[in-house]
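Okay, structure first, notes after.
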Amino acid sequence: MRLTAAPPYSQLAAHYDRFVGRAQFRHAQRVFEYSVRKQGLRFSSVADFGCGSGLLARHVASRWRVPVYAIDRSPQMLGIAVRRCRRLPCTFLLRDYRTLVLPQPVDLITMFSFTLNLEVSVAALSEVLESVWRNLLPGGSWIVDFLTPRQSVTLPPDSGCAQARILFRGPSRFCFGIGIHSQRRARRYEERHCARLLAPVELRDQLDRCGFVLVDALDHATLGLAQHASPALVFVVRKPRCAQTARYEMLNR
C-alpha cells in the first residue's frame, strides 16, 4: 500500500493515546506531582504547552480544581482534549506556543512529552523561552522535560495502527516517520516528526540569559539528580519575583 504524506498528528491523533500518550502521561503525572511536592509549588492557574490529547490538563484541573489553559498546534489533538475535559475549568487554545499571549499570565507552565525537542532551531527555542517568560507571573514556575544528546532514540513499539521508523539520526538531530493505517479510507499515511537533542548546558545558559532561575534538574527516568549521562532530563525553572528588574536578553538579539 502506498504511503501518503500527512501533517504531524493529523492522522496519529486518533491513535496517539494507545501509541505513546497514556505511557507518557503516567510519567508526566509522576514528574508533575513529585516536582510540586519537592518545590512546594503553589498555583491557582496553569498552562499546558503542547497539551496533546488533554490527559494532563484533565488531571490537573480535576485534582487541583484550578483553571487550566491547554494549548496545542494540532487541531486534531486539541479536539480530543476538548471532548476529554468537558465540565472541567479548562480553556483550549489552538495556538503556536512560541507566539502565544494568554488572556492573563499564570502561576505554572508545563511542557511535557519532550515537546521542547520539537523546536529544532536555536531561534525557535528562544521564542519558546520568551513565551514562557511573557505568560508566567513573577514568582511562577515552568516544569519541562527534554531529550539530551545521550538519548539513544528508541522508538515506541508498534500499536497495530501506528508504527514508527527512523528516517535520519545524527549527533544532535533525528527524524522519524510514523505510519498510520486508516481502515475507514483503506489508506496508509506517514507523518514526519523531527527533533533536536538538547544539551543541558545550552538550555541552562539560555535560561540564565533570559533571567530565569534553574531550581531543580532531575533525571527523567529516576527523578534523582541529573547526571552527565542522563538521556532525558526535567528542569524546574522559576521566574524571579522581581522579574521587572531581571535580565532579559534573548539569543540573537
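The values are calculated or read from the model by the stated rules, or taken from the named source; none is laboratory data. Note that the coordinates shown come from a computational prediction; the quantities given were computed from them, not determined experimentally. Virtual Cβ from ideal backbone geometry, glycine too; neighbours counted across all protein chains shown.
Side notes on the structure shown:
- Within the set Tyr69, Tyr16, Tyr9, Tyr34, the sole residue that is on the phi > 0 side of the Ramachandran plot, of a type in the set (Phe, Trp, Tyr) and in contact (Cβ under 8 Å) with a residue 24 or more places away in the chain turns out to be Tyr9.
- The range 52-90: number of residues that are assigned to a helix (DSSP H, G or I), buried (at least 19 other Cβ atoms within 10 Å of the Cβ) and in contact with a Lys or Arg (Cβ under 9 Å, 6 or more places away or on another chain): 4
- Considering Ser74, Ser35, the condition of being among the polar types (S, T, N, Q), within 12 Å of Phe92 (Cα to Cα) and under 17 Å from the mean Cα position of the chain (by Cα) is satisfied by Ser74 alone.
- Within the range 79-92, being in contact with a helix residue (DSSP H, G or I) (Cβ under 9 Å, 6 or more places away or on another chain) and more than 17 Å from Pro103 (Cβ to Cβ) holds for Gly79, Ile80, Ala81, Arg84, Cys85, Leu88.
- Single match in Gln227, Gln151 (criterion: touching a residue at least 60 places away in the same chain (Cβ under 8 Å) and not basic (Lys, Arg)): Gln151
- Condition check for Glu202: out of contact with any His (no Cβ under 6 Å at 6 or more places or on another chain), over 19 Å from Ala123 (Cα atoms) and outside any loop (DSSP other than H, G, I, E, B): no
This table checks each residue for (1) among the β-branched types (Val, Ile, Thr); (2) modelled with pLDDT under 95; (3) touching a helix residue (DSSP H, G or I) at 6+ places or on another chain (Cβ under 8 Å).
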position: Val101; (1), (2), (3): yes, no, yes
position: Gln104; (1), (2), (3): no, no, no
position: Val153; (1), (2), (3): yes, yes, no
position: Arg165; (1), (2), (3): no, yes, no
position: Ser172; (1), (2), (3): no, yes, no
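- Scanning the range 102-142 for residues that are closer than 28 Å to Thr154 by Cβ, of a type in the set (Gly, Ala, Ser) and over 12 Å from the mean Cα position of the chain (by Cα) gives Ser121, Ala124.
- Of residues in the range 1-51 being under 25 Å from Leu129 (Cβ atoms) and of a type in the set (Gly, Ala, Ser), the one surrounded by the fewest Cβ atoms within 10 Å (Cβ to Cβ): Gly40
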